[in-house]
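In what follows, a single structure is set out as structure tokens and then discussed.
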Amino acid sequence: MADLTSNFLGIKSPNPFWLASAPPTDKAYNVNRAFEAGWGGVSWKTLGEDPHIVNVNGPRYSTMMSNDRRVIGFNNIELITDRPFQVNLKEMRQVKRDWPDRALVASVMFPMNEESWAKHIPIIEDTGIDGFELNFGCPHGMSERGMGAAVGQVPEYIKQATEWCKKYATVPVIVKLTPNITDVIYPAEACLEGGADAVSLINTINSIMRVDYDSLTMFPTTGGMGTHGGYCGEAVKPIALNMVAEIARNEKTKNLPISGIGGVTTWKDAVDFLALGASNVQVCTAAMVYGFKIVEDMKTGLSNFLDEKGMNSVDELIGKAVPSVTDWKFLNLNHVDKAVIDQEKCIKCGRCHIVCEDTSHQAINYSNDEGNRVFTVDDTECVGCNLCVSVCPIVDCITMVAMESGTDPRTGKVITSEPADWTTHENNPLKVS
Amino acid sequence: MSNNKLKSEGVNIQSHRLSKKEIEDNFSDLHAPLTQIEALIEADRCYFCYDAPCTKACPSDIDVPGFIQSIRSDNLTGAAEKILSENIFGGMCARDCPTEELCQQACVRNDHEDKPVEIGLLQRYATDSVLDNGVKLFSRKKDTGKSIAVVGAGPAGISCAHRLSVLGHNITVYDAKDKLGGLNEYGIAAYKSTHDFAQQELDYILDIGGINIETGMELGKQITLDDLQKQFDAVFLGCGLGTVNQLNLDNENISGVIDAVEYIANLRQTSNKDELMVGKNIVVVGGGMTAIDIAVQSKLLGAEQVTIAYRRGKNAMAASEYEQALAKKHDVQIQYHLSPKQLISNESNVSAMEFDVMKSHNDGSIKATGESLTLKADVVFKAIGQKLVTEGLADNNLELEKGRIVVDKNRKTSLTKVWAGGDCILDGDNLTVSAVQDGKLAAISINETLTQGA
Ligand SMILES: Cc1cc2nc3c(=O)[nH]c(=O)nc-3n(C[C@H](O)[C@H](O)[C@H](O)COP(=O)(O)OP(=O)(O)OC[C@H]3O[C@@H](n4cnc5c(N)ncnc54)[C@H](O)[C@@H]3O)c2cc1C
Ligand SMILES: Cc1cc2nc3c(=O)[nH]c(=O)nc-3n(C[C@H](O)[C@H](O)[C@H](O)COP(=O)(O)O)c2cc1C
Ligand code: SF4
Ligand code: SF4
Ligand code: SF4
């Protein structure tokens, strides 16, 4: 059995699955249940200044669902903790005492003035927590008050607030980033400059879920009026993965530890984050949709996967895929793939044909000889775009196969093992020769 | 003529074999309608195939992936419109089509999981929504001033009339019976068409207007084909098969030997099914859908022993594998290779039936083995096919073959002004859905002919 223990910035946990700062970590009751269920750590629901904020008394959450009502995407307009500061501290102290082997990080959000950080950080640290996580990501409500995403969107503020926290904290400081920005490298570098020990990402994405088809108002509303909320859950994973990988492959930030967040629902999602450079993962929506038990499969799935790969620990997986991520301009333009249909597996649905015909390159031919439907790839048209693979309902029925030699029947160009990319391409006005 | 009702109440022929409640339960929907969540999940299973095989396999060309996609998006009116614009009896067909041999048999999901999309149930889900809510989907085009006679108010005739009405023509439908619907009303098994669905559907269809109904009018009696051709711009014959094939045995008209179709018609028209006379030991002669239906329904009415005796082997049986399984599920015995030899009676009623035991040969023929078998029977149902009544059609130049009306691909007969469709035509496959398609194709052809040069 592979070793699932995790050591993130010196913070130890029995597994790399933490609960993200959110309702599942709102109070001792939930966190105790989470630890009983086997979660490795938690980032406590974000603390703020007293008087504590208030939430709406109507819908905070809504979902995008499949037809069998599986949650695909999740949206919320909840703010940070709505309980008094001291109540949270008291519970955190007790929880850390009761669960010494689990990670307990305090998520915090304070205004942009040093006194507030100076006043709060030491008393929070005194509860025995393992680290801080700075919530510079909440995209609704708090950002209207100059906190959360309003800080995370301005690199100078990130740097400043990180410095303040580092000044008053002795435990590691993680900065949690907002995805509601143009390029995640700027905030990530600001964290580094501010002395952050790590970044965690992503927080939620600004979103409106839909309209109400009866009232033609936005949905959901609080008695008729609504506001944009934060989007998370499975649907946001690809956005999060890109941001994680960008930080992991950026020269300046590549050694900055990352806690991966956004859509983690199964062990496979965790593999994605870890391989693309995260050192652990945090989960909110999956727990809110299925309850804490969901961690069991995450743990056994990851452990079995590591065994299959011959890896002894999670550490061996971290960053494995990062070298495979590059800029478009460095992709090998001499590489030629062609779609190949396994006729044995093909169920003749015709989806590959119609999507290629209508929206792509007219490269999948259809013949119907008295009900005998056959779909074949025309190599003289196939550009290897992968659309057919992406829509085929049968696993591994269409595969992309690289041409190793010969001539590409589409372009008439001889296949070469010599790579060539855009930087040197003749059509590139800025080519380097 | 044979007896068509069970009259004598003897020890072995009784009513009230089961309680009212039991009978009601037995004759509830064979397949319960889908709930919304079931429909959405099932609809999600459809791959939205290109040039979909299921559509190709539907005799009425319903755009199956098209209507299922509309179910997925809660566009039930759009879904129903896709169905009903090709097949106005989409509701009945959703209930009575042998989907296992039609659309669902062609579904690509059979390829890798042996479990087709439940097209029939989804079709019912969509059509129920407009039928139950009376959503009007069709309106008549501008009046063309043309009038067309339709003989027979079964699925073929009404389908033809509806399409013609949409196209702006004026239609008169003649039917010999008092109640409209043909076999939808009198033939389809009660557990397929529950409650008063056939009439509910008819009301919905006829709501289009422009269709004048004349009941109690039989071609060959009150009306003639000659007159209709003179009075109308075109005529559509959808008179089905008016009579049944006989066993041609000596004492075929003894009590207890009856036409299955006739008994089913009576069953469909009886609201208190517990009052029906039901035999204890029943033998059904035949191998088609009617044989299965009468056997299963007899069981549901409380018959003790029901045996279907079929001349040929299992694979030759017209009833599908699925239907045979349905019969077996209801404890009906199916005995293959039994050919009727003679009816045995005590005083007034049949008491048993003797069969020659047959053997199938490679060339498809069957020969008697010389052995025989006798089955106990208080009731013998004849379900060996129906026949066209040709009287009303006889004195015309209407081309018939094998006792059926010959038509071209547009369902046009040898007479200039006459079209035909449904069970009465040659090479029909005796399905509701095909009758509906015939009516539709004939209407399209009639319209083209009547509006040519207009
Ligand atoms: C017992 C039984 C069960 C069946 N079950 C199924 C099933 O489950 N699924 C399926 O797809 N198919 C089934 N069928 C077949 C299906 O019912 C027929 O194929 C279909 O009804 C044919 O439609 P039609 O309009 O041609 O004829 P019909 O439905 O027979 O309608 C003919 C109409 O014409 C009228 N008529 C007849 N002669 C005259 C005349 N001389 N003058 C005026 N009017 C006349 C009749 O009164 C009747 O209303 C079943 C058939 C039977 C007998
Ligand atoms: C209802 C809700 C409340 C949240 N509250 C907080 C919060 O107080 N502090 C914070 O840093 N993130 C908060 N988040 C963001 C989550 O911690 C997490 O970053 C985000 O949901 C993405 O992860 P997921 O896809 O696993 O849900 C909240 C998310 C949700 C759904
Ligand atoms: S989840 Fe619980 S608190 Fe929330 S609306 Fe439902 S019952 Fe109320
Ligand atoms: S999409 Fe896949 S299964 Fe469907 S026809 Fe194409 S190759 Fe066959
Ligand atoms: S064949 Fe099956 S999966 Fe394909 S369109 Fe028809 S119902 Fe859908």
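Tabulated data for the structure shown
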| item | result |
| --- | --- |
| Residue within the stretch B:115-122 that is under 21 Å from B:Tyr186 (Cα atoms), out of contact with any strand residue (DSSP E or B) (no Cβ under 9 Å at 6 or more places or on another chain) and away from chain A (no Cβ under 14 Å) present | no |
| Answer from A:Ile354, A:Ile347, A:Ile294 - the residue that is within 16 Å of ligand 2 (Cβ to nearest atom) and either hydrophobic (A, V, I, L, M, F, W, C) or more than 14 Å from chain B (Cβ to nearest Cβ) (or both) | A:Ile294 |
| The listed residue being touching a helix residue (DSSP H, G or I) at 6+ places or on another chain (Cβ under 7 Å), in a helix (DSSP H, G or I), farther than 25 Å from A:Val271 by Cα and away from chain B (no Cβ under 14 Å), out of A:Val95, A:Val31 | A:Val95 |
| Number of the exception - A:Met400 against (1) surrounded by fewer than 16 Cβ atoms within 10 Å (Cβ to Cβ); (2) among the hydrophobic types (A, V, I, L, M, F, W, C); (3) within 14 Å of chain B (Cβ to nearest Cβ); (4) outside any loop (DSSP other than H, G, I, E, B) | (3) |
| Residue match in the stretch B:331-350 (condition: touching a Pro at 6+ places or on another chain (Cβ under 7 Å) and either in the same structural domain as B:Ser19 (by TED's automatic domain parsing) or of a type in the set (A, V, I, L, M) (or both)) | no |
| The listed residue being surrounded by fewer than 23 Cβ atoms within 10 Å (Cβ to Cβ) and over 28 Å from A:Arg93 (Cβ atoms), out of A:Lys159, A:Lys166, A:Lys119 | A:Lys159 |
| Test: residue in the stretch A:364-386 that is surrounded by 12 or more Cβ atoms within 10 Å (Cβ to Cβ), under 24 Å from B:Ala57 (Cα atoms) and away from chain B (no Cβ under 13 Å) | yes |
| Matching residues in the stretch B:402-424 - criterion: being crowded, with 24+ Cβ neighbours inside 10 Å and of a type in the set (A, V, I, L, M, F, W, C) | B:Ile405, B:Val407, B:Val418, B:Trp419, B:Ala420, B:Cys424 |
| Residues within the stretch B:95-120 that are under 17 Å from B:Leu40 (Cα atoms) and touching a Ser or Thr at 6+ places or on another chain (Cβ under 9 Å), tallied | 4 |
| Any hit, the stretch A:210-223, residues being more than 16 Å from ligand 4 (Cβ to nearest atom), of a type in the set (Phe, Trp, Tyr) and either within 17 Å of the chain's Cα centre (by Cα) or within 14 Å of another protein chain (Cβ to nearest Cβ) (or both) | yes |
| Verdict on A:Ile208 being surrounded by 22 or more Cβ atoms within 10 Å (Cβ to Cβ) and more than 16 Å from ligand 1 (Cβ to nearest atom) | no |
| Residue in the stretch A:106-118 that is in contact (Cβ under 8 Å) with a residue 12 or more places away in the chain, within 22 Å of A:Val283 (Cα to Cα), of a type outside the set (Val, Ile, Thr) and in a loop (DSSP other than H, G, I, E, B) present | yes |
| All helices (runs of 4 or more DSSP H) inside the stretch B:40-94 with 2 or more residues being more than 10 Å from ligand 5 (Cβ to nearest atom), more than 10 Å from chain A (Cβ to nearest Cβ) and buried (at least 24 other Cβ atoms within 10 Å of the Cβ) | B:76-86 |
| Residue in the stretch B:127-144 that is within 23 Å of B:Gly181 (Cα to Cα), of a type in the set (A, V, I, L, M), at pLDDT 95 or above and surrounded by 24 or more Cβ atoms within 10 Å (Cβ to Cβ) present | no |
| Qualifying residue in the stretch A:66-79 (condition: free of Cβ contacts under 8 Å to residues at least 40 places away in the same chain, in contact with a helix residue (DSSP H, G or I) (Cβ under 8 Å, 6 or more places away or on another chain), charged (D, E, K, R) and assigned to a loop (DSSP other than H, G, I, E, B)) | yes |
| Residues satisfying the stated conditions in the stretch A:324-355, i.e. without any contact (Cβ under 8 Å) to a residue 60 or more places away in the chain and over 31 Å from the mean Cα position of the chain (by Cα) | A:Ile341, A:Asp342, A:Gln343, A:Glu344, A:Lys345, A:Cys346, A:Ile347, A:Lys348, A:Cys349, A:Gly350, A:His353, A:Ile354 |
| Test: residue in the stretch A:154-175 that is at pLDDT 95 or above, among the hydroxyl-bearing types (Ser, Thr, Tyr), within 14 Å of ligand 2 (Cβ to nearest atom) and under 24 Å from the mean Cα position of the chain (by Cα) | no |
| Single residue of the stretch B:93-145 satisfying the filter (without any contact (Cβ under 8 Å) to a residue 40 or more places away in the chain and within 14 Å of B:Ile62 (Cα to Cα)) that is farthest from ligand 4 (Cβ to nearest atom) | B:Ala94 |
| Filter result for B:Val296 (of a type in the set (A, V, I, L, M) and at pLDDT below 90) | no |
| Enumeration of residues in the stretch A:122-157 that are hydrophobic (A, V, I, L, M, F, W, C) and in a helix (DSSP H, G or I) | A:Ile123, A:Ile124, A:Met142, A:Ala149, A:Ala150, A:Val151 |
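The values are calculated or read from the model by the stated rules, or taken from the named source; none is laboratory data. Keep in mind that this is a model prediction, so the values were computed, not measured. Neighbour counts run over all protein chains shown; Cβ positions are idealised from the backbone, glycine included.
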